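Down below is the structure, laid out as structure tokens.
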Amino acid sequence: MIPPTSRTMQVLLMLILALMIMVAVLNIFAGTISFDSKKKRAIERDKIVYFTHVHKSGGTTMCKTAQANGEEVNRDNNCNMKGDGPWTITEKSLSRTCEERYQLAKEEGYSFVAMERFLLEDELDCKDRFVYILMVRDPEQRHNSHVDVHRHGVLQDKHRSFVGRKKKMKTKKRKRSNYNTMATRRVLRRRLKKRHVKSELGIALMDNYISGDNYLTRILIGERGFDGTLPIGSITDEHGEEAKKKLEQFDVILRLEKFEEDKVQLLSHLGWTEWIGVANARSKEVWDEESSESDRANGPTTYELNNTVDLAVYEHARALAERLTARARTKTSSSL
């Protein structure tokens, strides 16, 4: 026969266990309700979020953050609509008007869509249909990340001199014969076609040389930045002014390096409250410090000299982002 004290202890332990289970179930239920309410809000919103994804500029961060906030997205293509990513770009997609894009997104049930390519001429003209978002990143850091990802299609020794700093490369030493431009571009093209990238425009978007030649400006001024109309070295201040005008059409401009500050714009425009931090964060690159100091002492790096237009466009984007963030902060604080 169990002593009374032991029986009491057993009952007490069972009650504690039952209470813990009940609390866990309530927490799960509350989280489900919270997420479902976010999803409901995103679906019922008339405007669709339209994100311009500049390659290696926080696109995955935005896609995952959108999902965390209940947005319906294309989960198979990093939130890019089919035909709007560098791996899937098609002439059919490029021929769609913004109204046709809106209707297609509605048919697919998306509340957040992305496009990882250059802007089309009228792409930012449907203000009553979309909330237009852009994230920018320091041009040289973006280029280095691009090269790091597509290193097998880059001229390694050319990269060192192009950015004006010597980087400690971890890749195996390759034969000098592989260092000519056409050979490395053929390697890149073969690798991309293995991933079913058949469009020359898609290949150009991944090209390491174009990446290092005013890439953000090329994205903003449209297809001619990648179709061969503007070869390396042909981007001018006039193109930069055109790109700046495009920047001013965005509703939200975020700086990857200042995402913690700028995310208040997403709260203000979309009601987002869930944040995941920067996705795909790579370890910091190791630079030759002696070479870097020498470069700074001698003035602008080769990269900076070759990308003066992009650097000016980026500074304009940063200024706009600061202004939009200040406006959003005022709006959200006044509504509390």
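The values are calculated or read from the model by the stated rules, or taken from the named source; none is laboratory data. For clarity, every value in this text was computed on a predicted model and none was experimentally measured. A quick note on method: Cβ atoms are made from the backbone with ideal geometry, for glycine too, and the neighbour counts reach across all protein chains shown. Remember, those area values only see protein heavy atoms, side chains included, never the ligands or the DNA or RNA. Shrake-Rupley method; radii C 1.70, N 1.55, O 1.52, S 1.80 Å.
Numbers at a glance
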quantity: Selection from segment 75-94 of residues that are open to solvent by 20 Å² or more (accessible area, probe 1.4 Å) and assigned to a loop (DSSP other than H, G, I, E, B); calculated: ARG75, ASP76, ASN77, ASN78, LYS82, TRP87, THR88, THR90
quantity: In segment 236-276, the residues that are acidic (Asp, Glu), over 12 Å from THR325 (Cβ atoms) and part of a helix (DSSP H, G or I); calculated: ASP237, GLU238, GLU241, GLU242, GLU257
quantity: Members of segment 44-54 found to be more than 16 Å from SER111 (Cα to Cα) and modelled with pLDDT under 95, listed by number; calculated: none
quantity: Residue among LYS284, LYS263, LYS331 that alone is charged (D, E, K, R), modelled with pLDDT under 95 and more than 23 Å from GLY212 (Cβ to Cβ); calculated: LYS331
quantity: Residue in segment 236-252 that is of a type in the set (A, V, I, L, M), surrounded by 13 or more Cβ atoms within 10 Å (Cβ to Cβ), at pLDDT 95 or above and under 18 Å from ASP310 (Cα atoms) present; calculated: yes
quantity: Enumeration of residues in segment 201-232 that are hydroxyl-bearing (Ser, Thr, Tyr) and modelled with pLDDT under 95; calculated: TYR209, SER211, THR229
quantity: Residue check, TYR314 open to solvent by less than 40 Å² (accessible area, probe 1.4 Å), within 24 Å of the chain's Cα centre (by Cα) and at pLDDT below 95; calculated: no
quantity: Hits in segment 76-131 - residues which are in contact with a helix residue (DSSP H, G or I) (Cβ under 7 Å, 6 or more places away or on another chain) and of a type in the set (Ser, Thr, Tyr); calculated: SER111
quantity: First in segment 76-89 and of a type in the set (Asp, Glu), second anywhere and modelled with pLDDT of 85 or more, Cβ under 8 Å, 6 or more apart; calculated: ASP84/SER93; ASP84/VAL113; ASP84/ALA114; ASP84/MET115; ASP84/GLU116; ASP84/ARG117
quantity: So ARG41, is it modelled with pLDDT of 60 or more, among the basic types (Lys, Arg) and open to solvent by 10 Å² or more (accessible area, probe 1.4 Å); calculated: no
